[in-house]
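None of the figures in this text is laboratory data; all of them are computed from the coordinates on show. All values reported here derive from a predicted model rather than from experimental measurement. Here the Cβ positions follow ideal geometry from the backbone for every residue, glycine too, while neighbour counts run over all protein chains shown.
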Amino acid sequence: MAYYYRYNFISPEPIYSIVKEELKSYFDTGAVDDLMFPTYLDKCLQKMGRSSYVIAEQTLDISGYEARLPDNFFAVREAWMCTEIPQLPYQTANSFYSQAASQTTIQVSPIISGGVPCTNPQCTTGCPTCMPDIIQAVYKTNQQIARGIRKEYLLKPGNISCQGKCDVSYTDAWQFYTNAPPVHEFTPGSAGYDSFDIRDNKFVTNFSCGVVHMIFYATDYDCVGNQLIPDNYRIREYVEAFIKYKVFETLSNQINDETFNQIQAKLVYYKQLSEEAFIMAYTEIKKQDVWTKQRRVRNDLQRFAQYELPNRSSRYGR
């Protein structure tokens, strides 16, 4: 199983405000606007790579060799084939409190005690004058979730020809690799017996039904439709520098009060600033976090364990 660092994602609105405030003379005159800012941001994230996208998880129910992908799907990181196993369910941490034993229906008003309803119209909770024997009981309910799947093996990307869409005949040798009933037979023409394919917004596998646990890169947006960016200083600086560079590139293609040499000098300056900020941001996302360093140190300590003598109980210098 792969390990990854999960960023906190924020809205790019503060960056847009900084750009428009620092270049307010161009925006106030109407020479440029913020219409292309989302497009510039998308270019930045694509240049940074998949590490600048949100990592999400989703369980797919495979039916008919395929399953529909989530709406915010961008790319697959991991896809695990899961199998059902009989295990005891586990209790959730959340509790539900109610005044009725049944969680579907709770009678609020009128209150009935012993089959006799309350006749006082101002009494909604049961006062001691008209109903002295009523007791408000509170029931605590904890739900249970069944654990029925387990990760078996990691699926590999490959080209798959769906069994229902095959126009040519294939060899029948693939049938000897499985003893499952026909409904679980593998698809002929696939790149492998544990491969998957992405096409037509569908997750296509070579088994007809099952469960796949997918970890994927997703595009997430804020309440106004702006794509979220990682909450990292170097990445924010790169996005800001790139948008400023694109603003002056737009100004260089228009007629304004400044001379061509003035606009060109600013364009060259912000382009260089954007490229330097990209190098710093790209270096930042490649750095190892604390947990990655610990795992690699642990692996390095056991690198030469296979060369140790069987009767040695300790190492020199440790």
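Quick notes on this structure:
- On the basis of the beta-carbon distance and an R0 of 51 Å, Glu308 and Phe96 show a calculated FRET efficiency of 0.35.
- Compactness ratio for region 1-56: Cα radius of gyration over 2.2 N^0.38 Å (N = residue count) comes to 1.50.
- Fully extended contour minus Cα-Cα distance, from Glu22 to Ala265, at 0.36 nm per residue: 85.7 nm
- The trypsin sites (Lys or Arg not before Pro) found in region 254-307 that occupy coil by DSSP, while having at most 14 further C-beta atoms within 10 Å, are Lys286, Lys287, Arg303.
- Computed lengthening from Thr219 to Val297, 0.36 nm per intervening residue step minus Cα-Cα distance: 24.7 nm
- Highest mean packing comes first when the peptides 252-264, 27-39, 228-240, 273-285 are listed by Cβ atoms within 10 Å, giving 228-240, 273-285, 27-39, 252-264.
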